[in-house]
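The values are calculated or read from the model by the stated rules, or taken from the named source; none is laboratory data. The shown structure was predicted, so the numbers you read here are calculated from the model rather than taken from an experiment. Because the Cβ atoms are built from the backbone with ideal geometry, glycine has one as well, and the counts that use them run over all protein chains shown. Protein only, heavy atoms only, side chains kept; ligands, DNA and RNA dropped before computing areas. Shrake-Rupley method; radii C 1.70, N 1.55, O 1.52, S 1.80 Å.
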Amino acid sequence: MVQSNEIQSKLDNSRIPSHVAIIMDGNGRWAKQRGLDRSVGHQHGVDTVHTITESAIALGVKYLTLYAFSTENWNRPAAEVAALMALILNSMEESLFMKNNVRLLIIGDVERLPEEVRGPVLKLVERTAGNTGLTEIIALSYSSKWELTEVVRKIAREAIEGKCNPEAITEQDLDNHLATAGIPDPELLIRTGGEQRLSNFLLWQCAYSELYFCDTYWPDFSHEDFCKAIFDYQQRERRFGKTSEQIQQTT
């Protein structure tokens, strides 16, 4: 159970972002600072996933998307990739999802996952499909360029088959073909670990997301840190290309 804190007491509960996306960065550097193997950092990172999932539930976030493994991560040393695959599998405990009424979704090129990982993960997606609380979306073997390439392929096939007119394709059509189809775009994107880039993550979906970068490594990212990010988000004016005056007239 997460504990309330001073920052949380300052939050406007009517302005909690419905969808928060997180680039969970810094596991390896956290371990290196302590003279530990990188795998230890990833293990502690899993504990943080559980903490922040509970935080999101407590604050009323409806969608939480976590960047767990990118398509570029396949280029890491084979031993580290194997360790990450095992850790991902072991971290997805069905009891935790069911206890917290969390629905699990996976986005990414799951066909690249080893069968011993892909099978159980997809079964867990099926088993949690009826849960009605937080939707947790794990980006696994994912990159935005992969996703957008897949969208183009799907729409191109439909055009060849005469199912759509290329001249009539809209932004909504692209939305409908994304891995996140039916899920609202993130209002807030958090990246831990001190880097300030999107790293090929939800590039289409985050076109108007508020970006929050912090130096804290992911294993140290706490409920209070999560509240700080949301508090920072609440201090911003979201204009979507309009002027401040126009926004004020609609509120």
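So what's the net charge close to GLY26: Lys and Arg +1, Asp and Glu -1, counting the other residues with Cβ under 9 Å from its Cβ? Let's see the in-between values first.
On the way: positive: ARG29; negative: ASP25, GLU195, ASP215, ASP220.
Once positives and negatives cancel, what remains is -3.
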Name the most mobile residue of GLU94, GLU136, GLU147, meaning the one with the largest mean-square fluctuation, in a Gaussian network model of the chain with Cα contacts below 10 Å. GLU94
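With viscosity set to 1.002 mPa s at 20 °C, what whole-number translational diffusion coefficient in µm²/s follows for region 33-161 from Stokes-Einstein and a Kirkwood radius over Cα pairs?
Details: Rh = 16.0 Å.
In µm²/s, the coefficient rounds to 134.
So what is the relative contact order for the chain, in percent, with contacts set as C-alpha pairs under 8 Å and at least six apart?
Dividing the mean separation by the residue count of the chain yields 29 percent.
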Report the longest stretch of the chain that contains none of the trypsin sites (Lys or Arg not before Pro) sitting in a DSSP loop with at most 13 other Cβ atoms within 10 Å. 35-162
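Please report the carbon-and-sulfur percent of the accessible area for the chain; probe 1.4 Å, protein heavy atoms only, DNA, RNA and ligands left out.
Working: 6300 of 13070 Å².
Of the solvent-accessible surface of the chain, carbon and sulfur hold 48 percent.
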Per q in 0.09, 0.11, 0.13 Å⁻¹, report the Debye log10 I(q)/I(0) for the chain, using one uniform scatterer on each alpha carbon and no solvent. -0.42, -0.63, -0.88
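Please compute the Kirkwood hydrodynamic radius of region 1-79 from all pairs of different C-alpha atoms, in Å with one decimal. Display every interim value, and only then the final one.
Values: mean 1/r = 0.0684 Å⁻¹.
When all Cα pairs of region 1-79 are included, the Kirkwood radius is 14.6 Å.
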Figure the gain on full extension for ALA156 and ALA168 (residue separation times 0.36 nm, minus the Cα-Cα span) and round it to one decimal in nm. 3.0 nm
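Among the listed pairs LYS10/LYS228; LYS62/LYS154; LYS99/LYS123, which are separated by more than 19 Å between their Cα atoms? It would help to have the intermediate numbers written out before the result.
Numbers: LYS10/LYS228 10 Å; LYS62/LYS154 29 Å; LYS99/LYS123 17 Å.
Violating the 19 Å Cα-Cα cut-off are LYS62/LYS154.
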Most mobile of SER14, SER209, SER199 in a GNM of the chain (Cα contacts under 10 Å): SER14
Return the calculated 222 nm mean residue ellipticity for the chain, to the nearest 500 deg cm²/dmol, obtained by summing -39500 (n - 2.57) across DSSP H runs with n ≥ 4 and dividing by the residue count. -13000 deg cm²/dmol
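Dipole magnitude of region 31-190 about its Cα centre, charges +1 at Lys/Arg Cβ and -1 at Asp/Glu Cβ only, in debye to the nearest 20? Don't skip to the answer; put the middle values down first.
Values: 16 positive and 23 negative charges, 81 e Å.
Dipole of region 31-190, to the nearest 20 debye: 380 debye.
How high is the FRET efficiency from LEU148 to GLU93, r the C-beta distance, R0 30 Å, rounded to 0.05?
Values: r = 32 Å, r/R0 = 1.08.
The calculated FRET efficiency here is 0.40.
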Under 17 Å from LYS32, Cα to Cα: aspartates and glutamates that are on another chain or at least 8 residues apart: GLU80, GLU195, ASP215, ASP220
When the chain is treated as a GNM, springs tying every alpha-carbon pair under 10 Å, which of CYS164, CYS206, CYS214 comes out with the largest mean-square fluctuation? CYS164
Solvent exposure of region 61-214 as accessible area per residue, Å², 1.4 Å probe: 50
